[in-house]
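A.B. asks: Okay, here's the structure, questions in a sec.
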Amino acid sequence: MNERDEFLVGGMAPVRCDCGNRVLVKKNSPQHTSVQWLSDTSSCPELCGPRSAFVRTCLRLRDSIEKAVRDGTLEVADG
């Protein structure tokens, strides 16, 4: 892996959202999360649904990331 790729995806772990979207995630701290989408976000009901203009994030994905941290499948770098 070259330096650019390591910077972009190094230390990232796969997480699947309850809505089916797949992402790579890196938790740099309890407050900081980096997300790289691996699938088309148009299938996300929260990001593209009728309330999408009012929603800045997918709460299901946030819950899936928090669950991965609790389960130990996603490590928090600073915590």
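A.B. asks: How do Thr73, Thr57 stack up against each other in accessible area, from largest to smallest, with a 1.4 angstrom probe?
C.D. replies: Thr73, Thr57
A.B. asks: How large is the accessible surface of Asp71 in square angstrom, using a 1.4 angstrom probe and rounding to the nearest 10?
C.D. replies: Rounded to the nearest 10, the figure is 90 Å².
A.B. asks: Tell me, in nm to one decimal, what length is gained between Val76 and Asp40 on full extension, where the rule is 0.36 nm per residue of separation less the Cα-Cα distance?
C.D. replies: Here the segment from Val76 to Asp40 would lengthen by 10.4 nm.
A.B. asks: Using the basic label-point model (7 angstrom from Cα toward the beta carbon), what is the His32 to Arg16 distance in nanometres?
C.D. replies: 3.0
The values are calculated or read from the model by the stated rules, or taken from the named source; none is laboratory data. Bear in mind that the values here come from a model prediction, so they are computed numbers and not experimental data. Using ideal geometry, Cβ is built from the backbone for each residue, glycine included, and neighbour counts are taken over all protein chains shown. Note: accessible area is taken over every heavy atom of the protein model, side chains too, but ligands, DNA and RNA are not part of it. Shrake-Rupley method; radii C 1.70, N 1.55, O 1.52, S 1.80 Å.
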